[in-house]
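As structure tokens, the structure follows; a few thoughts come after it.
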Amino acid sequence: MQGFQLTFFTQQDRSHQGKPLAHWLLEEARAMGVAGATLLAASEGFGHQGRIHAAHFVELADQPLELVMAVTAEQADRLFEKLELEEIRIFYVKSPIEFGTTGEGA
């Protein structure tokens, strides 16, 4: 299949509708029929303002998170429409890809 790899970057302390933003986005992707997504926790990073974000032993609120998924063009459009409707501002990378499954029963 042809589509896109979407990667969203956020941090643990960002929320939407009472949920951590990354988890809200993961649930939205699942509800839209995206076949799979992976949420990764990073130990350290920096954003557009150059400020270092890091996971600390005592406090994880500033921990960087990355959500990666492979989607069809239609799924990407629907997801970005939802983000616009919900007025969510989040940094992303959208790359064209080919994806699928190998092996028997694929």
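The values are calculated or read from the model by the stated rules, or taken from the named source; none is laboratory data. Every value quoted in this text rests on a predicted model; they were computed, and no experiment measured them. Using ideal geometry, Cβ is built from the backbone for each residue, glycine included, and neighbour counts are taken over all protein chains shown. The protein model used for the area step is the full one, side chains on, heavy atoms only, and it has no ligands, DNA or RNA in it. Shrake-Rupley method; radii C 1.70, N 1.55, O 1.52, S 1.80 Å.
Are there any pairs with C-beta distances below 6 angstrom linking a residue in segment 54-79 that is closer than 24 Å to M32 by Cβ and polar (S, T, N, Q) to a residue that is modelled with pLDDT of 85 or more and surrounded by 13 or more Cβ atoms within 10 Å (Cβ to Cβ), with the two at least 6 apart or on different chains, and if so which?
Matching pairs, first to second residue: T72/G3; Q75/M32; Q75/V34.
So which residues in segment 12-40 are open to solvent by 80 Å² or more (accessible area, probe 1.4 Å) and under 18 Å from A76 (Cα atoms)?
If the condition is that a residue be open to solvent by 80 Å² or more (accessible area, probe 1.4 Å) and under 18 Å from A76 (Cα atoms), then E27, R30, A31, A35 are the ones that fit.
One line per residue, one yes/no per condition, for (1) under 18 Å from F91 (Cα atoms); (2) of a type in the set (S, T, Y); (3) part of a loop (DSSP other than H, G, I, E, B); (4) modelled with pLDDT of 90 or more:
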| site | (1), (2), (3), (4) |
| --- | --- |
| G3 | no, no, no, yes |
| T7 | yes, yes, no, yes |
| A35 | no, no, yes, yes |
| G45 | yes, no, no, no |
| G50 | yes, no, yes, no |
| F57 | no, no, yes, no |
| E66 | yes, no, no, yes |
| A70 | yes, no, no, yes |
